[in-house]
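Here's the structure, in structure tokens; my notes come after.
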Amino acid sequence: MPKKIAAKVSVDDLRTALTPANYGVPRYDTFDRYCKQKPTPDAIPALRQALSDEWHATVKSAAISLRKLGPVAIDAMDDLLAAAGRVDNFGMPQCYPHCVEAMAAIQPQNPWLLALIKRFTGLDNWGPIMASLRALKTIGTPEALDLLQRTAAFWQPELNKMQRRVVDELLAF
């Protein structure tokens, strides 16, 4: 039996998903499906609103869509910064990797991006480490590249073989 293909998610669907009646899984499902398609600039207001959602999965999906839009989503930078730095009950910034990657795709030279990365370089989870290193390489300023090298050197002993290979590729410039 062929797999059912879901209909494309419209901007109106995103707005509807943000209503209180669609809190939780229905909202996440809508934003998750949207981030898997090509986003459009008219979705930016809804995506920005989704960045403040309590569900991490909704925030991550909105960040993915904004990253795909690139520089046209510059108005979302402050919202991405806030979402990236927001910590959960355990003190972890769950949306940090997705938001940092989106910010690097939208406006890599934004000084707040580098400041955010500096704040979280001590996170001991591969996802945030990799997102930080990739963003630092994208930023490309002497200060960012210095931080890239220092962060990579700090974490190198803790990384497995695959992670070391990724870091080595990022350091090859």
HN-Hα couplings for the stretch 154-169 via Karplus (6.51, -1.76, 1.60; θ = phi - 60°), in whole Hz with x for Gly/Pro, come out as 5, 8, 3, x, 8, 7, 7, 4, 5, 5, 4, 4, 4, 5, 4, 5
Estimated 222 nm signal from helices in the chain, with DSSP H stretches of n ≥ 4 weighted -39500 (n - 2.57), rounded to 500 | -19000 deg cm²/dmol
Quick calc, the stretch 108-173, dipole around Cα centre from Cβ unit charges on Lys, Arg (+) and Asp, Glu (-), nearest 20 debye, gives 80
In Hz, Karplus ³J(HN,Hα) per residue of the stretch 24-35 (6.51, -1.76, 1.60; θ = phi - 60°; x = Gly, Pro) = x, 4, x, 5, 4, 4, 5, 5, 5, 5, 5, 5
Semi-axis lengths, Å, the chain, gyration tensor of Cα atoms, sqrt of 5 times eigenvalues = 30, 17, 16
Taking placed amide H atoms and a strict 5 Å upper bound, the residues 5 or more places from TYR23 or on another chain that come that close are none
Fewest to most neighbouring Cβ within 10 Å: what's the order for LYS161, LYS118?
-> LYS161, LYS118
Which entries of LYS68/LYS137; LYS36/LYS161; LYS60/LYS161; LYS8/LYS36; LYS38/LYS118; LYS68/LYS118 show an alpha-carbon separation above 21 angstrom in the structure shown?
-> LYS36/LYS161; LYS60/LYS161; LYS38/LYS118; LYS68/LYS118
Please identify every one of the chymotrypsin sites (Phe, Trp or Tyr not before Pro) in the stretch 47-129 that sits in a loop by DSSP and has no more than 12 other beta carbons within 10 Å of its own beta carbon.
-> PHE90
List the residues whose amide H sits under 5 Å from the amide H of LEU159, counting only those 5 or more places along or on another chain, with H placed 1.01 Å from N in the peptide plane.
-> none
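Bear in mind these aren't lab numbers, they're just calculated from the coordinates by the rules spelled out. All figures in this text were calculated on a predicted structure; none of them were measured in a lab. For neighbour counting, all protein chains shown are included, and Cβ atoms are generated from backbone atoms with ideal geometry for every residue, glycine included.
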